[in-house]
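Chemist: This is the structure I have questions about; it appears just below.
The values are calculated or read from the model by the stated rules, or taken from the named source; none is laboratory data. Bear in mind the structure is a predicted one, so any value in this text is a computation, not a measurement. Positions of Cβ are generated from backbone atoms using ideal geometry, with glycine treated the same way; all protein chains shown enter the neighbour counts.
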Amino acid sequence: MQLTDFFKQNPRAAIAFSGGVDSAYLICAARNAGADVTAYLVCSAFQPQFEWEDAERLAAQLGIRLRILSADVLEDPRIAANPQNRCYFCKRRLFAVILTAASQDGYSLVLDGTNASDDVSDRPGFLALQELGVRSPLRECGLTKTEIRRLSREAGLFTWDKPAYACLATRIPAGEPITAEKLQITERAEAFLRSLGFRDFRVRMRGRTARLQLREEDLPLLLQCRETILSTLRRDYDGVTLDLEVRT
């Protein structure tokens, strides 16, 4: 099935929007197909500010209605405890907010941006979406990440080459409780590295140590900015290390 066919069959839908590559293209495709859609962005402590800003910018570019909602994810002890299946409880909470708002707006169908490249075999969050009846048109239509980036570029979307981004909670090891302070420290560290020109990276929290995961091509920049990075990150961390084994 083509996306245009999907939206002919489903001409009205609410779309969960994160500001990322996949949901951005899904919204663009829906608009181009003439579908009646509204984008729903749920702001929480797990999303950094730049993701919200990108979502607002993209919605404005496409002329799509954007509803900004909020959810206190840390209020749920099952999420804050950070178990292996944390994403299941988090998705249930976030999409419950979207489903409620979408229903109020007259939408009975909610869509998300899961694509055909995503390995859903071990993704508790995808199980939650299935249980809630959320559909994933990009996946249903067999669109891979590579294809979505190409199509996004052809459509003139600034998100086409945006690095994949997992929520801030993923920077904290499973089993270690998540707190607002830990998330704020992580967001502050990553915003600082982003301001220096780093792309597609992670700052993992290991105790009070920052473990940097960078692209190989960014290592010269790391060495160039070494002292600045150390002095800045040590305001929040006791130490800073470079992970040479795991790539982002």
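Chemist: Only one of (1) more than 19 Å from SER18 (Cα to Cα); (2) not assigned by TED's automatic domain parsing to the domain that holds GLY63 is not met by GLN84, so which one is it?
Modeler: With respect to (1) more than 19 Å from SER18 (Cα to Cα); (2) not assigned by TED's automatic domain parsing to the domain that holds GLY63, GLN84 is out only on (2).
Chemist: Quickly run through the range 205-244 and pick out the residues that are of a type in the set (A, V, I, L, M) and in contact with a strand residue (DSSP E or B) (Cβ under 8 Å, 6 or more places away or on another chain).
Modeler: Hits for the range 205-244 are MET205, ALA210, LEU212, LEU214, LEU222, ILE229, LEU230, LEU233, VAL240, LEU242.
Chemist: Just one of THR159, THR170, THR146 is on the phi < 0 side of the Ramachandran plot, β-branched (Val, Ile, Thr) and in contact (Cβ under 8 Å) with a residue 60 or more places away in the chain; which is it?
Modeler: Going through THR159, THR170, THR146 in turn, just one is on the phi < 0 side of the Ramachandran plot, β-branched (Val, Ile, Thr) and in contact (Cβ under 8 Å) with a residue 60 or more places away in the chain: THR159.
Chemist: Scan the range 161-172 and give yes if some residue there is at pLDDT below 95, part of a loop (DSSP other than H, G, I, E, B), out of contact with any His (no Cβ under 8 Å at 6 or more places or on another chain) and more than 23 Å from GLU53 (Cα to Cα), otherwise no.
Modeler: no
Chemist: Now, a different point. Being of a type outside the set (Ser, Thr, Tyr) and either out of contact with any Lys or Arg (no Cβ under 8 Å at 6 or more places or on another chain) or part of a loop (DSSP other than H, G, I, E, B) (or both) is the filter here; which residues of the range 184-197 pass it?
Modeler: GLN184, ILE185, GLU187, ARG188, ALA189, ALA191, PHE192, LEU193, ARG194, LEU196, GLY197
Chemist: With respect to ALA55, determine if the residue is assigned to a helix (DSSP H, G or I), in contact with a Gly (Cβ under 7 Å, 6 or more places away or on another chain) and without any contact (Cβ under 8 Å) to a residue 60 or more places away in the chain.
Modeler: yes
Chemist: Kindly establish whether ALA101 is more than 25 Å from THR4 (Cα to Cα) and either surrounded by 15 or more Cβ atoms within 10 Å (Cβ to Cβ) or assigned by TED's automatic domain parsing to the domain that holds ASP200 (or both).
Modeler: yes
Chemist: Output the number of residues of the range 81-132 satisfying the condition of being more than 29 Å from GLY175 (Cα to Cα), touching a strand residue (DSSP E or B) at 6+ places or on another chain (Cβ under 9 Å) and assigned to a loop (DSSP other than H, G, I, E, B).
Modeler: 5
Chemist: Also, I was wondering about something else. How many residues are in contact with a helix residue (DSSP H, G or I) (Cβ under 7 Å, 6 or more places away or on another chain) and either part of a helix (DSSP H, G or I) or farther than 24 Å from ALA81 by Cα (or both) if we restrict to the range 174-183?
Modeler: Adding up the residues that qualify gives 2.
Chemist: If we scan the range 31-44, do we find a residue that is among the basic types (Lys, Arg), touching a strand residue (DSSP E or B) at 6+ places or on another chain (Cβ under 9 Å) and part of a helix (DSSP H, G or I)?
Modeler: For the range 31-44, residues among the basic types (Lys, Arg), touching a strand residue (DSSP E or B) at 6+ places or on another chain (Cβ under 9 Å) and part of a helix (DSSP H, G or I): present.
Chemist: Also: Of the conditions (1) closer than 17 Å to ASP112 by Cα; (2) buried (at least 16 other Cβ atoms within 10 Å of the Cβ); (3) at pLDDT 95 or above, VAL73 clears all except one; give me its number.
Modeler: (1)
Chemist: Next question, about the same structure. Can you confirm whether the range 128-137 contains a residue that is within 16 Å of the chain's Cα centre (by Cα) and either surrounded by fewer than 17 Cβ atoms within 10 Å (Cβ to Cβ) or closer than 16 Å to ALA30 by Cα (or both)?
Modeler: yes
Chemist: If you check ALA210 against the conditions, is it exposed (fewer than 15 other Cβ atoms within 10 Å of the Cβ), hydrophobic (A, V, I, L, M, F, W, C) and under 20 Å from ARG226 (Cα atoms)?
Modeler: Taking the combined requirement at face value, the residue does not satisfy it.
Here is a yes/no grid of residues against (1) part of a loop (DSSP other than H, G, I, E, B); (2) modelled with pLDDT under 95:
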residue	(1), (2)
ARG199	yes, yes
VAL203	no, no
ARG211	no, no
GLU217	no, yes
ILE229	no, no
ASP236	yes, no
THR241	no, no
LEU244	yes, yes
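Chemist: For the range 224-234, what are the residues that are within 12 Å of ARG208 (Cβ to Cβ) and not aliphatic (A, V, I, L, M)?
Modeler: Once the filter is applied, which keeps residues that are within 12 Å of ARG208 (Cβ to Cβ) and not aliphatic (A, V, I, L, M), the range 224-234 yields only ARG234.
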